[in-house]
Amino acid sequence: MLEKIREGSQGPVAKIILGAVILSFALAGIGSYLGQTTEQPVAEVNGIKISQTEFNRAYQNERSRLEQQFGEYFTQIADDPNYMAQIRQGVIDRLVQQELQSQLAADLGLRVSDDSVRKTILELPYFQIGEKFNNDRYLQVIRQMNFQPDAFREYLRKDMTRSQLVSAVAGTDFALESELKSAIALQQQTRSIDYLVVNKEALAKDIEVSEQEISDYYDLNSSQFLSPELISVNYIELNASDINVESVTEDDVKAYYEQNKAQYIEPEKRRVSHILIDNSEDDDAAKEKANALHAQLEQGADFAELAESSSDDIVSAEMGGDLEWIERDVMDPAFEEAAFALENKGDFSEVVASEFGYHIIKLTDLQPQQVKAYDDVKADLRAELEQTEKVDAFYEKQTEMGALAFEISDRLDDAAEAADVEVKSTELLALNALPEPLNNPAVITALTSVDLLEDKVNSEVIELGDEHAVVVRINEHKPAATKPLTEVSEQIKTRLVNEKSSELAKSKARELFAQVQAGKSLNEVAQEQSLTVRQEAQLTRQSYTVSPAIVTQAFKMAHPADSAVVDIVDLNNGDSAIVTLKSVTDAQVAENIDAQTKQTITMAQANKNYMVFIEALKAQAELNLPLVEQAAE
């Protein structure tokens, strides 16, 4: 089986899926393999626990993706507990699926080579600038995710091993030439049909609806005729960005710079290169190799050449071991202590042991601690001081505004005057149609409270964001109520006419269908009823000129033998149709099927079979899945 998997993972379908899997998994949930935890796991797969930390990271990644997708509407979506529960369940399902794949890959002895890891790192778009790998970008991204190069390499190796299994399973799927031709013939098949439609609109003119029927319908369905709750709101809005403050002087800026000079110190930076010897398999052998390389350096060997030929950090090795610029508190403590102990450019350290192996570190450049000049930062300082004044003024005004809104709770004028803002008002609107800044969950909650609805008082200060707040009061409120019968009578009449005409169309279509079954032709029946028979000589599954219900029914009908096949179908708009299938024409499939078509059909089959494979893994596994509602709470 292992040999088949390895062979399958080299096919074109497998490579396509491998690329998709790497792009979906890489950098998602990064760091999930670091450290151990005693926290309650969110799931357990064959005894392997999926930690709360892993779940939280993956869940936050998913939330971030949804926020980018839905923008400001995500806040409203996130208020639906059922929707968010589905999101959490989906995250756990994905983590369980990944763990099942990892375990099977380990059982099968799958492993990704160093060269494959290096190639993937160099090709991942996350690390590219101008479609070329950029080492600065690479180091920046992985450090933001609390990775050092060697640790990230191991994470990616595990992820690619799992992806190798996924691609191998899909890559071993195939479709026979006969299956491909059969699928294409069915997809491109055409059918010749005649059909007539019994239109409900044509029957509606003869339908009468009594006042009693309208009244009875109204009584039985009164909940359908509710007028929405309407509300008119008075409000005052305070936003720090709208507050005018006195101009900040040059002396103010200079004084602020002197008081906070420590904030404008650029720390010492060092540019270093390293040679890493991995000690995960044999610590003694790794230490001996590192010492041997150090001896070569002492004898004058070129550091960059040794790094390129011997370092196990495959990415930095390509650059002669270069790790670019580093600052304190970003590297392994032992590595950092040795790197910052080097005094001169060109110096290299003794062999340094860290949790990732043995390092030899070389200092290639040095940037001493520097203080940013006043002229370089004064514009930023001025903006910061002005913003500080605005924020201070905001909180002073907010406090006074809130106090007056509470003390004089039957109007907003006094609070508005204290905050130096205007009282604004809305028309009567539905709650879900309120404009900004009122279309906020916190504001909606306040507007539907008993105090505001019944006592007609001002709300408390409602914070909408950073230095942004409102106070609201209800000006007018119209609760949801059943509309009077006189107002909806015509609406009910139209609805009843539609229902009756649709039932009449169905009944008449079935009478005509019975006549066709008794021996009359569709044209004869249509002529007697002044209806029109339409023809489609080459109806396809993708036809848009014919009702979808007719197309679906036509391709469900059995192939005609000695005579045409007739059936009846009710359309979504209330009409009914009689369909006569006269002939079926299979598509002429070329001997040589193009690669794109082959790939499309094979991929569809592979995706279907892959989901069966995942379900089989779940069925065989011992799964412990606590209630998803407990996760991420």
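The values are calculated or read from the model by the stated rules, or taken from the named source; none is laboratory data. What you are looking at is a predicted structure, and each value in this text was computed from that prediction instead of being measured. Don't worry about glycine lacking a Cβ; one is built from the backbone with ideal geometry, like all the others, and counts go over all protein chains shown. Ligands, DNA and RNA are stripped out before the accessible areas are found, and what is left, the full protein with its side chains, is counted by its heavy atoms. Shrake-Rupley method; radii C 1.70, N 1.55, O 1.52, S 1.80 Å.
So the values come out like this:
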| item | result |
| --- | --- |
| Ellipticity estimate at 222 nm from DSSP helix runs (n ≥ 4, -39,500 (n - 2.57)) divided over the chain, nearest 500 | -16000 deg cm²/dmol |
| Cross-link reach list, lysines versus Lys269, counting only Cα pairs under 29 Å and skipping chain neighbours closer than eight places | Lys132, Lys254, Lys261, Lys287, Lys345, Lys362, Lys372, Lys378 |
| Convex hull of Cα atoms in the stretch 397-442, direction-averaged projection (nm²) | 3.8 |
| Among Ala301, Leu323, Leu342 - extreme Cα towards positive end, dipole of the stretch 252-360, charges at beta-carbon | Leu342 |
| Inverse of mean 1/r across different Cα pairs in the stretch 174-230, Kirkwood, Å | 17.8 |
| Average accessible area per residue (Å²) across the stretch 404-468 - probe 1.4 Å, nucleic acids and ligands excluded | 60 |
| Cα gyration tensor shape of the stretch 438-518, rounded if a/c is under 1.5, else prolate or oblate by comparing a/b with b/c | prolate |
| Kirkwood Rh in Å, taken over all unlike Cα pairs in the chain | 33.2 |
| Taking all pairs of distinct alpha-carbon atoms in the stretch 211-301, Kirkwood radius in angstrom | 24.1 |
| Most to least packed among 128-135, 431-438 [average Cβ atoms within 10 Å] | 431-438, 128-135 |
| Within-14-Å neighbourhood charge of Ser349 [Cβ basis; K, R +1; D, E -1] | -4 |
| Contact order normalised by residue count of the stretch 83-205, Cα under 8 Å, 6+ apart, percent | 26 |
| Total formal charge among the other residues, if their Cβ is under 13 angstrom from that of Leu623, Lys/Arg +1 and Asp/Glu -1 | -3 |
| Relative intensity, log₁₀ I(q)/I(0), of the stretch 257-403 from a Debye sum that treats every alpha carbon as a point, q = 0.09, 0.20 Å⁻¹ | -0.45, -1.15 |
| Proximal lysines to Lys397, defined as alpha-carbon separation beneath 17 angstrom and excluding residues fewer than eight positions away on the same chain | none |
| Percent carbon-and-sulfur accessible area, the stretch 59-142, ignoring ligands, DNA and RNA, probe 1.4 Å | 44 |
| Ellipsoid equivalent to the stretch 304-348 - semi-axes via the Cα gyration tensor, in Å | 20, 13, 9 |
| Per residue convex hull volume, Cα atoms of the stretch 519-633, in Å³ | 270 |
| Viscosity 0.692 mPa s, temperature 37 °C, Stokes-Einstein D of the stretch 492-573 from Kirkwood C-alpha radius, µm²/s | 225 |
| Cα pair distances of the stretch 116-257 binned at 10 Å [whole percent] | 7, 12, 9, 9, 14, 18, 17, 10, 3 |
| Sulfur and carbon atoms: percent of accessible area, the stretch 308-414 [1.4 Å] | 44 |
| D (Stokes-Einstein, µm²/s), Kirkwood Cα radius, the stretch 377-459, 1.002 mPa s at 20 °C | 143 |
| Subset of Lys158/Lys598; Lys200/Lys483; Lys424/Lys456; Lys119/Lys618 violating a 23 Å alpha-carbon distance limit | Lys158/Lys598; Lys200/Lys483; Lys119/Lys618 |
| For the stretch 186-265, accessible area per residue (1.4 Å probe, heavy atoms of protein chains only), Å² | 57 |
| Reduced Cα scattering model of the stretch 388-547, Debye log10 I(q)/I(0), q = 0.13 Å⁻¹ | -0.77 |
